[in-house]
Each structure stands twice: as C-alpha cells, then as structure tokens.
C-alpha cells in the first residue's frame with residue numbers, strides 16, 4: 001500500500017509541476033464551501049465514504065490526465081470530459097496542455113494496489129486542487145467516474161468567483177461491487193425497440209453501474225436479429241409484434257453497433273434466442289422447425305406456452321447451430337441465453353434432450369449457456385447459469401449442480417409488473433411492485449449460497465409497452481434500486497436512506513428526458529430543467 005501511494009504521489013506531483021509551469025498567472029485562491037461527502041445522494045451507495053468537508057472547484061481551469069500506456073484509461077478520461085461538458089458546458093482537455101490555464105486536475109490513475117484487486121474496484125480521492133481516481137483497470141476507472149458524475153452539483157455556484165464553479169465535495173471513497181453481474185433485460189420481441197432507444201437505455205443504466213443488458217431477441221410474436229444463413233427469420237418472423245404493429249429487426253451491423261456502444265460503457269450484451277418454446281415466429285418462417293403438430297401462423301397475442309421446436313429432428317439442431325454461430329461471432333461477451341422457459345407443450349424427456357444438445361452447441365461456439373430456471377432439470381454442467389425467475393425448487397437444483405444463479409424473482413424484480421392498480425402500463429400476474437417493494441428485498445435472503453449468486457437482473461417484458469416513454473415509465477425508478485441491490489453490500493442498503501437519495505435523482509432523469517414514474521412514495525427533488533430545455537447528459 002505504501003509503495004502504491006508513493007508511486008501515485010510521484011506521478012501526481014509530476015503532472016502538477018507541469019501544470020504550474022504552464023500557468024502564466026496564478027489566480028487568487030477561491031474559498032470553498034463546507035461540505036459533507038457522506039450525505040451526498042450516490043446510487044448505488046459506495047462501500048465506504050470519508051468526508052473531509054471542503055470542495056474541489058470544477059471550472060474552466062480544470063484538466064483531465066490519465067495514466068500513460070494504460071489500456072482504456074485515456075478513453076475513460078475522454079468519456080468523462082464529454083459528460084462534464086454535457087452537464088456544465090465546460091471544455092476540459094484530456095492529456096494535453098491545450099491553451100487554457102490549468103489550476104486543478106482530475107487524474108485517472110492505473111494503480112497496482114492489492115486493495116483494488118476486484119475487477120471493478122476503484123478509489124476516489126477529492127481534494128481542493130485535485131481529484132484522483134485509482135483503479136487497476138479501465139473498467140474500475142469507468143465505474144469511478146460515474147460516482148464522480150453524481151457528485152457534480154446541478155448548478156454552478158456563481159457567488160464564489162467571477163467564473164462559474166461547480167464545487168465537488170471533498171473526501172475519500174472506497175468502492176467495489178457486491179455482485180459481478182448487474183443486469184437488466186429488455187424484451188424487443190413482443191414489441192420492437194430501435195437502436196437509438198436501446199442506446200438511450202444503455203446510457204442511463206451505465207450511470208448507475210449496471211453492467212449487463214440482456215436482449216430478448218426472439219419469441220412467438222417476432223424474430224429480431226438478422227441471421228444471414230436463414231433470411232426468412234426476419235423477412236417473415238420479424239414483421240409482426242403484439243397488437244398487430246409492424247415489428248422490425250436489427251441487421252447484424254445494427255446489432256454490432258449496439259454491442260460496441262455498450263462496450264464503450266463497459267456493459268456486456270447478452271443475446272437471448274428463446275427455445276424450445278416461445279418459438280412460433282421462427283416456425284412460421286421455417287415450418288420444419290415446428291413440433292406442436294399444428295400449422296404455425298403469425299401470432300400477435302400474448303398467450304404463452306403453445307409453441308415448441310421439434311426436439312428430435314437433426315435439422316433443428318443444424319438450424320440452432322447456425323443461429324448460435326452467427327450471433328456469437330458478433331457478440332464478444334461470454335454468455336449466450338437459450339431461454340428454456342414456459343415450454344409447456346414440450347414433453348419433459350424431449351425438453352431435457354433438447355437443453356442437453358443446445359448446451360453443447362453453445363459451448364462449441366465458446367460461450368457459457370444461460371437459461372431460465374427450468375433448464376436446471378436437464379443434465380447441464382456447472383459452467384452453465386440458471387436465471388431464477390419462478391421456481392425456487394429449480395434454483396436449488398441449479399445450486400446442487402454447482403451452477404451460478406442470476407437472481408430475478410418475478411414477484412420482486414420484474415420491471416413489467418404494475419406499480420399499483422392505477423399504473424398506466426404493465427401487468428400484475430406476479431405481483432404489484434411499488435418502488436419500496438422493488439427495493440426492500442435482498443438477493444441473499446432466498447437460501448441460495450452467496451458463492452452461487454452470479455448477480456441480479458431486472459427483466460422488462462414488453463407485452464404492454466411499445467415506445468421508449470412507456471419503457472422508461474416501467475423501468476424508472478425501479479431499476480435504480482436494483483442497481484443498488486446488486487452493487488452495494490446489505491449493510492449499506494436501507495429504504496429510509498435510499499428514498500431520500502432516490503429523490504435527488506430527479507434532475508439527472510429530467511436532463512436525460514426520462515419519463516419516469518413519479519412515485520408518491522418519493523419526495524422528488526424539483527428540477528430546473530423542463531422537457532423543452534433538456535441538456536442531454
């Protein structure tokens with residue numbers, strides 16, 4: 001630890017001396033307000049916060065520097081500079097002297113500290129003249145700058161000096177996630193959402209340190225990803241959605257655009273092709289796939305459980321191999337989701353046979369299989385992952401097999417459930433989930449050993465929504481609470497404290513033009529932003 005601090009101090013001193021040498025005229029010292037970093041409304045709540053009761057003066061004389069030759073660090077610095085510009089309109093240079101006088105710096109430092117051994121760990125040190133973000137890798141640095149973004153005041157304090165200044169509370173933050181997998185699922189099959197809609201969702205999720213977006217790309221009502229070797233999947237299966245609207249699909253280039261956009265925000269895309277049930281759209285495109293004994297027709301309803309692939313036909317597995325091959329080739333993340341839920345017309349032995357075969361296909365293409373909790377009844381191995389949504393018995397079977405479990409209980413974590421009886425959108429077959437119910441549970445409380453929990457995911461099914469505004473209404477603010485349930489340790493999670501911090505998120509959500517549900521349980525902070533004068537953050 002002493003060695004790490006010394007190295008960091010030397011690097012920081014060198015940069016500071018360069019900055020001072022370039023300064024033609026030193027400005028007068030600007031008095032900073034008394035602050036308390038520990039009461040700032042950070043979500044998710046950091047592991048440890050130590051206030052020092054002063055402030056860093058973010059202004060036009062600030063510059064960002066990053067460790068040289070550290071992979072990804074300069075890109076993180078540029079991302080921060082852009083977001084600060086969006087928020088404050090300040091132009092903050094990155095790793096360049098520029099033409100501006102530099103009086104204060106933000107230094108994003110690659111550290112070899114063992115305290116930062118966790119993949120996304122970071123330390124944030126805020127002093128009057130410097131902000132230092134320490135991380136072992138650029139992913140940890142990226143999480144750290146999201147915390148810093150939340151600490152920037154809504155408005156500048158123009159009374160402190162002739163120029164605009166945003167006082168950032170001083171102190172120290174030590175942080176790393178409780179769970180490695182912190183996700184949301186978006187169903188683009190029942191209703192299709194555009195590339196730009198998905199990008200906006202990614203931006204907001206990244207701000208709250210969500211690191212996985214699971215895309216439900218196929219279902220009875222539509223097939224949403226181009227498969228070049230099977231073009232009718234989108235030509236026929238991609239043209240419908242719930243309610244008779246026109247549907248749509250992502251070309252492989254558009255899908256790669258989403259994947260790249262997410263990767264820039266250190267978010268993994270998990271593609272899902274649901275099977276052997278939820279497969280009507282595929283079977284309409286290629287009827288030989290069908291195994292329910294009926295002639296498949298395009299479907300625009302919401303009933304589930306009536307479709308299945310023919311699990312005993314070799315050509316079905318040739319088809320699946322091609323689909324998995326093409327999607328995994330453009331998906332750099334480690335996972336491929338095979339669905340596996342609600343396959344009610346598939347005989348149990350056929351279902352087990354199918355999942356066993358598909359697991360091997362996924363593994364052949366270099367990915368770990370994820371499936372909804374039903375897959376645990378098959379003979380899957382411990383490298384595959386069970387996503388618990390309905391059956392605690394299936395979750396226990398997964399644990400017995402040594403599998404990791406993604407915790408997504410429908411009664412607590414389903415974003416498509418209505419808040420209450422007055423909700424404009426959503427369903428309530430699992431439960432009504434108001435904002436407090438969405439937060440006041442713990443992934444650790446269901447009897448799944450801590451070492452078997454990969455993380456938490458909040459699924460958003462789209463039977464009742466078709467626009468980004470409707471998506472946002474169901475997702476926000478509940479997904480913000482799920483980010484804390486998956487990042488923060490149990491001792492740092494408390495509803496009375498959380499609801500105060502959640503209220504403070506209103507200005508950011510308004511800047512992002514998020515049509516969130518203004519729950520009456522929250523005393524939302526008033527924002528100076530209107531939807532006509534939005535600053536895109």
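A short reminder: the numbers here are calculations on the coordinates, not readings from a lab. Because the structure is a prediction, the values reported are computed rather than measured. All Cβ positions, glycine included, derive from the backbone under ideal geometry; neighbour counts span all protein chains shown.
What's the FRET efficiency of residue 424 with residue 253 using the Cβ-Cβ distance as r and R₀ = 45 Å, to the nearest 0.05? Efficiency at R0 = 45 Å is approximately 0.80.
Between 0 and 90 degrees, the angle of helix 314-329 with respect to the longest Cα principal axis of the chain falls at about 10 degrees.
Entry note, the chain: relative contact order of 13 percent, from Cα contacts under 8 Å with a spacing of 6+ residues.
Between the beta carbons of residue 314 and residue 78, assuming R0 = 56 Å, the FRET efficiency works out to 0.65 to the nearest 0.05.
The average projected area of the chain, computed from the convex hull of its Cα atoms over all directions, is 25.0 nm². Shown is the FRET efficiency for residue 393 and residue 300, computed with R0 = 30 Å from the Cβ-Cβ distance and rounded to the nearest 0.05: 0.35.
What's the ranking of 369-377, 225-233 by average number of surrounding C-beta atoms within 10 Å, highest first?
369-377, 225-233
Judged by the mean number of other Cβ atoms found within 10 Å, the most tightly packed of the peptides 242-251, 467-476 leads the ranking 467-476, 242-251.
Once you order the gyration tensor axes a ≥ b ≥ c over the Cα atoms, which shape class does segment 200-293 get: rounded for a/c under 1.5, otherwise prolate or oblate by comparing a/b with b/c?
Prolate shape, in that a/c is at least 1.5 and a/b is the bigger ratio.
How much mean residue ellipticity at 222 nm does the chain get from its helices, if each DSSP H run of length 4 or more adds -39500 (n - 2.57) and you divide by all residues, to the nearest 500 deg cm²/dmol? Could the numbers behind the result be given before it?
Details: 16 runs with 171 residues, N = 537.
So the helix-based figure for the chain works out to -9500 deg cm²/dmol.
The angle separating the long axis of helix 478-487 from the principal Cα axis of greatest extent in the chain is about 80 degrees.
Tell me whether segment 126-194 comes out rounded, prolate or oblate; compute the Cα gyration tensor, take square roots of the eigenvalues as a ≥ b ≥ c, and use a/c under 1.5 as the rounded threshold. Oblate is the answer for segment 126-194, as a/c is 1.5 or above yet b/c matches or exceeds a/b.
Between residue 180 and residue 518, full extension at 0.36 nm per residue minus the direct alpha carbon distance yields a gain of 118.7 nm.
Rounded to the nearest 5, the antiparallel percentage of DSSP beta bridges internal to segment 181-511 is 10%.
The angle between the Cα long axis of helix 138-151 and the longest principal axis of the Cα atoms of the chain comes to about 70 degrees, rounded to the nearest 10.
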